[in-house]
Amino acid sequence: MSDFSPEWLELREAADVRSRNRNVADAVAARFALRAELSVVDFGAGTGANLRATSALLPERQTWTLVDHETALLDVAKAKLIRWADRHEEDGERLVLDKGGRRISVLFKVADLARDTEVLLDDKPQLVTASAFFDLTSEDYIRKLAKAVTGMGAAFYATLTYNGLQKWTPHRPADNQMTAAFQRHQMRDKGFGPAAGPLAGSHLVDQFRINGHVVTEGESPWRLERGDRMLIDELIRGHAVAVTEIGGVDEKAIVSWLNVTRTAAFVGHTDVFAVPS
């Protein structure tokens with residue numbers, strides 16, 4: 001599975017939060033509005049950004065299991081959640097947070113998501129969620145996950161799944177070539193088999209519908225402007241590295257593309273919410 005630094009996850013968090021699709025988020029809030037409590041498992045939890053962004057949509061009492069394959073990321077998640085909360089306490093391995101009138105119990109679990117997914121669902125959470133995760137996984141993984149989640153009657157909420165749409169400002173002739181090479185890199189094996197990459201959102205929608213869930217989907221693109229200069233620059237560098245690794249683009253063309261100062265960027269994502277019919 002691909003590794004992401006805490007610095008990268010922190011850099012993108014504000015853009016992720018403001019980019020979430022409001023209609024899909026409203027559907028999540030409406031679904032659970034009458035519940036007093038909810039159990040949630042968060043795949044690829046990283047530094048806990050998905051909990052911070054999603055918890056306000058959920059009932060007053062929440063139990064989260066944050067799962068990632070890196071202990072270091074979960075350690076960062078714990079520290080960031082403590083700073084984010086209005087109040088916190090530790091109860092054994094659990095972190096208990098008070099935030100905005102909500103009581104949130106958090107358990108941190110290190111696991112190999114490519115192999116341990118079904119075990120992680122043994123406790124039958126009522127909501128399975130992830131952010132910016134499923135484009136790293138394979139079509140086969142998505143198919144198996146959808147079958148497992150629907151089989152236990154849980155809801156599913158995936159945000160910010162990359163969908164392949166890109167636009168850079170100012171535009172340059174090499175943009176399309178670079179994007180095409182980047183997409184090929186996105187579809188390499190990230191530890192789950194050949195990655196679904198920009199097709200992941202479509203696979204999620206199809207598989208949950210095939211298994212009988214009702215699906216709400218919506219676009220959640222990054223619309224980055226001058227105030228997002230650090231994130232834009234990091235995206236450009238990341239694209240150049242990926243294209244260099246995959247090959248097929250002349251090195252001079254990559255360097256020339258890398259040296260263009262971008263003032264804005266559009267990066268497409270999709271949010272998906274699926275519930276039992």
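Read the figures in this text as sums done on the coordinates, not as results from a lab. Since the structure is predicted, the reported quantities are computational estimates derived from the model, not experimental observations. Virtual Cβ from ideal backbone geometry, glycine too; neighbours counted across all protein chains shown.
Applying a 10 Å radius around every beta-carbon, put 89-100, 131-142, 67-78 in order of their mean neighbour count, most first.
Going from most to least packed, we get 131-142, 67-78, 89-100.
Can you tally the lysine pairs in the chain where the Cα-Cα distance is under 25 Å and the two residues are eight or more apart, or on different chains?
17
Starting from the Kirkwood Rh over alpha-carbon pairs, what translational D in µm² s⁻¹ does segment 126-254 have by Stokes-Einstein at 25 °C and 0.890 mPa s?
The diffusion coefficient I find is 152 µm²/s.
Can you give the helix-only mean residue ellipticity at 222 nm for the chain, where every DSSP H stretch with n ≥ 4 adds -39500 (n - 2.57) and the sum goes over all residues, rounded to the nearest 500 deg cm²/dmol?
Per the formula, -12500 deg cm²/dmol.
Semi-axes of segment 34-152's equivalent ellipsoid from the Cα gyration tensor, sqrt of 5 times each eigenvalue, largest first, rounded to whole Å? It would help to have the intermediate numbers written out before the result.
Numbers: eigenvalues 112, 54, 29 Å².
So the three semi-axes of segment 34-152 are 24, 16, 12 Å.
Once the Cα atoms of segment 86-140 are picked out, what are the Rg and Dmax in Å?
Both quantities, over Cα of segment 86-140: 14.4, 41 Å.
Please report, largest first and rounded to whole Å, the three semi-axes of the ellipsoid equivalent to segment 1-80, where each semi-axis is the square root of five times an eigenvalue of the C-alpha gyration tensor. Don't jump to the answer; show the numbers that get you there.
Numbers: eigenvalues 114, 49, 18 Å².
Listed largest to smallest, the semi-axes of segment 1-80 are 24, 16, 10 Å.
Using alpha carbon centroids, what distance separates segment 1-52 and segment 69-127, in Å?
Comparing the Cα centres of segment 1-52 and segment 69-127, I get a distance of 13 Å.
Just the Kirkwood number for the chain, please: inverse of mean 1/r across all distinct Cα pairs, in Å, one decimal.
Kirkwood radius, the chain: 19.3 Å.
State which helices in the chain qualify, where a helix is a whole DSSP H run, it must extend 24 Å or more along its own axis by its Cα atoms, and its mean Kyte-Doolittle hydropathy must be at least -1.0.
Result, helices passing both filters: 229-246.
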